[in-house]
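Okay, so here's the structure we're looking at.
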Amino acid sequence: MRKTPRRRTCGTMAVHHRLLEQDPGFRARQMALEHATMRRMAAGAARVGVTTIPVVVHVVYNTASENISKAQIDSQIAVLNRDYRATNPDKSKVPSVWKGFVANVRVQFVLATKDPNGKPTTGVTRTKTARKSFSDDNGVKFAARGGIAGWPSTRYLNIWVCSLGSDLLGYAQFPGGPKKTDGVVILNTAFGTKGTATKPFNLGRSATHEIGHWLNLRHIWGDTEDCSGSDFVADTPNAAGPNFGKPKFPHVSCSNGPNGDMFMNYMDYVDDDSMCMFTTQQVTRMQAALDGARSQIGT
Amino acid sequence: MNVKDLSGHWMHSHEEDRDDELVFRPASHQFPRARGRTGFELRPNGTLIEHGIGPTDQRTQTPGRWRLDGDTLKLGGQTMKVVSVAPDRLVLRKS
């Protein structure tokens, strides 16, 4: 849903537009991807049933406590397998007007049992680093920068878990980007539900959100701090900007009353205990990514 | 209030917002961890850097211009009222 811009568009879209203007290749790739996504969304998903995606978790630690336990990693995988199958019990918190929108992504995640060379693995790598924390510059994905290289992104979902600077719980990469940086990065204290996971980001929803981006979902507010942006999904109301904390229903913006923003969507910015759903059209968009740029991954 | 009062690196303390009033604190403030935090650096020469949230959660920095007319702050293409300003707290109202 779109409206005529009432105010400036924010930095995100300025950067996006600058890239579009300065890098003809970026423009062509983005347009081709979006057109393909629209075609696939119209055609319906090619994959039937549940897609199983092998995951490798790269734990990059400086202190012993950052070297998170296998139990903490397992707790994150369990959250993903509830959230991406819509079996999370807290979906009962979805307001009644949107209960019919809650959708099963039909994706499940398993720690890889074979490494890229076909050898048995736990699906977890552990790397000691001299760096106290990383930023959002992809450094954790390169050994030369204190991190560790990912496994082939056509076969594995790479999840790097490390310490990050303030006000960053994680970041992701859309489908169709550079292979060497493909995957998601999650703050160690916002990963899983056990061990070092810390309130209010201790329910594993940062990974749910970032993997949403990895499957081509946009933020629910359309990445503009006004009403001009779109998330290219028809069944999420237009919203002015991110919601934080634990909003009370309804929170109205962009003339979207009476129900307001769908802030309980995984693609908003609320606390872990306040997000609990993907919508039908978001699932269609994710399945389009699995049929398109991510067609090689999973079984 | 004058340009000097507002100059600085302000980050949105969204946890303190009330209704249509937006609260900002200096970047050095001890904010609680958040999924993201936006802000702006206002320079005395009228230029600014907006700190935003990218579409995959990476941070963005965008240059722009700002101007103060009385208590009206023009920030890029946005216009807001300055409710109050102190060294550790800036309150703006959407207009």
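Quick notes on this structure:
- Screening the candidates A:S230, A:S253, A:S206 for the property of being in contact (Cβ under 8 Å) with a residue 40 or more places away in the chain and surrounded by fewer than 23 Cβ atoms within 10 Å (Cβ to Cβ) yields one hit, A:S230.
- Qualifying residues in the range B:1-27 (those that are in a loop (DSSP other than H, G, I, E, B) and within 11 Å of chain A (Cβ to nearest Cβ)) - the one nearest to B:R59 (Cα to Cα): B:A27
- Residue that is nearest to the other protein chains (Cβ to nearest Cβ) [pool: residues in the range A:142-168 that are within 30 Å of B:A27 (Cα to Cα) and free of Cβ contacts under 8 Å to residues at least 40 places away in the same chain]: A:D167
- The residue list B:P55, B:P32, B:P44 contains one member that is on the phi < 0 side of the Ramachandran plot and away from chain A (no Cβ under 12 Å), which is B:P44.
- Test: residue in the range A:245-264 that is within 16 Å of the chain's Cα centre (by Cα), more than 10 Å from every other protein chain (Cβ to nearest Cβ) and under 21 Å from B:E16 (Cα atoms): yes
- Residue within the range A:91-100 that is touching a Lys or Arg at 6+ places or on another chain (Cβ under 6 Å), touching a residue at least 24 places away in the same chain (Cβ under 8 Å), more than 14 Å from chain B (Cβ to nearest Cβ) and not in a helix (DSSP H, G or I) present: no
- Those residues of the range B:58-88 which are among the hydroxyl-bearing types (S, T, Y), within 14 Å of another protein chain (Cβ to nearest Cβ) and more than 30 Å from A:L187 (Cβ to Cβ), in sequence order: B:T79
- Of all residues making up the range A:142-184, the number that are among the basic types (K, R) and either touching an Asp or Glu at 6+ places or on another chain (Cβ under 9 Å) or modelled with pLDDT under 95 (or both): 1
The values are calculated or read from the model by the stated rules, or taken from the named source; none is laboratory data. In this text, all values refer to a predicted model and were calculated from it rather than measured experimentally. Positions of Cβ are backbone-derived with ideal geometry, glycine not excepted, and every protein chain shown enters the neighbour counts.
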